[in-house]
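A.B. asks: So that we are looking at the same thing, I have put the structure below in structure tokens.
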Amino acid sequence: MNRFYLDVHALQTVPPSNLNRDDTGSPKSSVYGGVPRARVSSQAWKKATRDYFKSESLLDPSELGVRTKKVVEVLADRIHERDETIDEADALELAAEVIAATGLKIEVPKRKSSAKKSAAEGEGDEETQDALPQAKYLVFLSARQLDGLARFAVEGAADIAGFLKDKENKARVKQIADTRHSVDIALFGRMVADATDFNVDAAVQVAHAISVHRVDNESDYYTAVDDRNKDSEPGAGMIGTVDFNSATLYRYAALGVHQLAANLGEGLREEESEATPVRRAAEAFVQGFVESLPTGKINTFGHHTLPDAVVVKLRTTRPISFVAAFEEPVRGDLGGHMSEACARLAEYIPDVERAYGDEGSTLTWVLRVGPNTRKLAGIGTESRNIGELVASVGQAVAERLEKPE
Amino acid sequence: MSVLTLRLAGPLQSWGSSARFTRRTTESAPTKSGVVGLLAAAAGIERGDDAALAALAGLRFGVRIDQPGSRVRDFQTAHHGDTGASMPLSERFYLADAVFVAAVAGETGLLTRLHAALRAPVYPPFLGRRSCPPAQPVELGIRDGASLHQALADEPWQAAAWYRRRHRGEATVSLTVLREADEKEADADYQRDQPLSFSAEQRRHALRTVVSRTVTVPNPDAALRQAVRPRHEPFDALEESV
């Protein structure tokens, strides 16, 4: 397998906002280069990227995973959909058997509040509803995996226990649960705590975003009037504070394309080229990571922005973060932080590539907005818009994958 | 025998040795399991391949604290994918703004292979946690025939420019070295970060010896200042008058 990485770097300015807060309600922060910085955690941006896949339908929903404990129910629904002669109760039993055979631990959850509720309502119906077996942990099974399991269950529906005793079938059910991972899981990994042979190591590495400059959190003191107060009751109806900051963030993520290919397994559809799912996943990753935004307090601050500058690299050597270009904090006293941040990158990238990269095999693309980013113009192939960037990255990924070793 | 030295620097690092469940702490310096894990990832050793791991875990390990950094606490919430119900809150600790030199000593051929793997890794390197990529390439180089301690003592000071500037009044700086004990050293502590298995089912670690030493390295940024400092010798004046 050809080994190669896709690095995505973005500079993005966010106005006063609180994208990602800690337990005191303040925006998350860190220290770098000896000064405080704004920080947005990697998990916050990963979640935003995954949500963006769904909300923008970047990928067919059938290729995205759902994270749930209720895998038995979900699978039972699929079984019932596939073969309507299997009634719902039988489907549930089938599903429980099949899920157990994959190695996932399932249990019937203890009822707490629902016990009270059904006692109050005096209904036995609730009870059967509540007593459905669940996985002990949150599980991701891609739509494709669920389809595979449903097909398997229908096949062995006549005598599922006997069917599962067969060694070959036993191996098969494990294999279905372990291959054809949805694109989402292949990119970002999966959390299953007990059936470890399903675990997928994420192909994407996302760094915490940090500001390129010094940032101190600020506090907005607000008052709100009670409209129904009379003149005799002057004063605010309520007062409070909201912490916020504004920052120009350096964002970085790397995708091990070879690892993604291994996670995805063979082509998802038989008529497709083997490279197709990898290409589509890489495209979705680039677009999703660039365009997504954590939604923390977004209705308070309306911080909808997009990166001013994006640099994407496809390389055969190691992934390289350019964060060290901002270890010395950007001062920004001459016309904002973006212009100086771009100048820093424009100087740093060729330097670090010369020292550690492989200039012959590395491809570089740039997408940039506004005069502040002009210094980055020469750093790689310019794309006119995000669509063009994503398409050319996808094409290069497919070409590299198909190239004989 | 040779020594491979690494520069571990980035905005965030996190080196847990006893972290479990919802409170994920970090040691104040890289752990052996963390650094061996980084090398194993680069070399493409799969989780659960304990035999391949054993060769790497057999390397002797040490680390030098070039810039200690500060501790950052990260508070993490998670929600159920379907119902939106809250999952257990977790705390993660990071070292921000720290720089370390880590070193592994062992057979030259193995170190040469690891050095090459770091330049074209199978799985990308990270500083203790996936979300902490290194700020610059990590490998510094291979020292043939050096001892672990000597290699860590000889490596130039790797602290960031801003940090060195803060110490420009000092011609040399003394740095803490935490490394595995030699046979003769009796003052060792123990730390449970000797990796036995990274298998997803059961990670296992054994105890390992750690001795704390200090090495003194020159401060390259101090040299200029020293040269221009006026010579101050009060007795010179007396001699002239005699």
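A.B. asks: Working only within segment B:101-152, note down all residues that are among the acidic types (D, E), under 29 Å from B:V173 (Cβ atoms) and away from every other protein chain (no Cβ under 14 Å). Steps first, please.
C.D. replies: Applying the first criterion (among the acidic types (D, E)) to segment B:101-152 yields B:107, B:139, B:144.
Adding the requirement that they be under 29 Å from B:V173 (Cβ atoms) leaves B:139, B:144.
The one that is among the acidic types (D, E), under 29 Å from B:V173 (Cβ atoms) and away from every other protein chain (no Cβ under 14 Å): B:D144.
A.B. asks: Moving on to the next point. For segment B:50-86, name all the residues that are at pLDDT below 90, more than 24 Å from B:R203 (Cβ to Cβ) and of a type in the set (G, A, S).
C.D. replies: Of everything in segment B:50-86, those that are at pLDDT below 90, more than 24 Å from B:R203 (Cβ to Cβ) and of a type in the set (G, A, S) turn out to be B:G81, B:G84, B:A85, B:S86.
A.B. asks: Moving on. Is it the case that some residue within segment B:180-190 is outside any loop (DSSP other than H, G, I, E, B) and either surrounded by 13 or more Cβ atoms within 10 Å (Cβ to Cβ) or at positive phi (or both)?
C.D. replies: Looking through segment B:180-190, none of the residues is outside any loop (DSSP other than H, G, I, E, B) and either surrounded by 13 or more Cβ atoms within 10 Å (Cβ to Cβ) or at positive phi (or both).
A.B. asks: Out of curiosity, is A:L94 at pLDDT below 85, more than 14 Å from every other protein chain (Cβ to nearest Cβ) and surrounded by 17 or more Cβ atoms within 10 Å (Cβ to Cβ)? Reasoning before the result, please.
C.D. replies: Working: at pLDDT below 85: no; more than 14 Å from every other protein chain (Cβ to nearest Cβ): yes; surrounded by 17 or more Cβ atoms within 10 Å (Cβ to Cβ): yes.
Judged against the criteria, A:L94 is not a match.
A.B. asks: Taking the stated definitions as given, is A:P36 modelled with pLDDT of 90 or more, within 11 Å of another protein chain (Cβ to nearest Cβ) and surrounded by fewer than 22 Cβ atoms within 10 Å (Cβ to Cβ)? It would help to see each step written out before you state the result.
C.D. replies: Working: modelled with pLDDT of 90 or more: yes; within 11 Å of another protein chain (Cβ to nearest Cβ): yes; surrounded by fewer than 22 Cβ atoms within 10 Å (Cβ to Cβ): yes.
The answer is yes for A:P36.
A.B. asks: If I filter segment B:8-23 for residues that are part of a strand (DSSP E or B) and among the aromatic types (F, W, Y), do I get at least one hit?
C.D. replies: Let us first name the residues in segment B:8-23 that are part of a strand (DSSP E or B), namely B:8-13, B:20, B:23.
Narrowing the set further to residues that are among the aromatic types (F, W, Y) leaves none.
Among the residues of segment B:8-23, not one is part of a strand (DSSP E or B) and among the aromatic types (F, W, Y), which makes the answer no.
A.B. asks: So, B:R47, is that one of a type in the set (K, R), modelled with pLDDT under 90 and assigned to a loop (DSSP other than H, G, I, E, B) or not? Walk me through how you get there before you give the answer.
C.D. replies: Working: of a type in the set (K, R): yes; modelled with pLDDT under 90: yes; assigned to a loop (DSSP other than H, G, I, E, B): yes.
Judged against the criteria, B:R47 is a match.
A.B. asks: Determine whether segment A:323-330 contains at least one residue that is among the acidic types (D, E) and over 30 Å from B:L140 (Cβ atoms). Don't jump to the end; show me each part of the working.
C.D. replies: Of segment A:323-330, the ones among the acidic types (D, E) are A:327-328.
Among the residues that remain, those that are also over 30 Å from B:L140 (Cβ atoms) are: none.
Scanning segment A:323-330 turns up no residue that is among the acidic types (D, E) and over 30 Å from B:L140 (Cβ atoms).
A.B. asks: Same structure, new question: For segment B:97-138, how many residues meet the condition of being part of a strand (DSSP E or B) and closer than 24 Å to B:N219 by Cβ?
C.D. replies: 7
A.B. asks: Just to verify a result, which residue in segment A:309-331, among those that are polar (S, T, N, Q) and more than 18 Å from A:F285 (Cβ to Cβ), is farthest from the other protein chains (Cβ to nearest Cβ)? If you could, list the steps in order and put the result at the bottom.
C.D. replies: Residues of segment A:309-331 that are polar (S, T, N, Q), as a first pass: A:316-317, A:321.
Keeping just the survivors that are more than 18 Å from A:F285 (Cβ to Cβ) gives A:316-317.
On the way: A:T316: 7, A:T317: 5 Å.
Taking the candidates together, the pick is A:T316.
A.B. asks: Collect the residues in segment A:315-330 that are assigned to a strand (DSSP E or B) and under 26 Å from A:N372 (Cβ atoms), keeping them in residue-number order. Working first, answer last.
C.D. replies: Pass one, segment A:315-330, residues assigned to a strand (DSSP E or B): A:315, A:330.
The answer is A:V330, and nothing else.
The values are calculated or read from the model by the stated rules, or taken from the named source; none is laboratory data. Treat the numbers as computed from the prediction; the structure is a model and nothing was measured. Cβ coordinates were reconstructed from backbone atoms using ideal geometry, including for glycine residues, and neighbour counts include every protein chain displayed.
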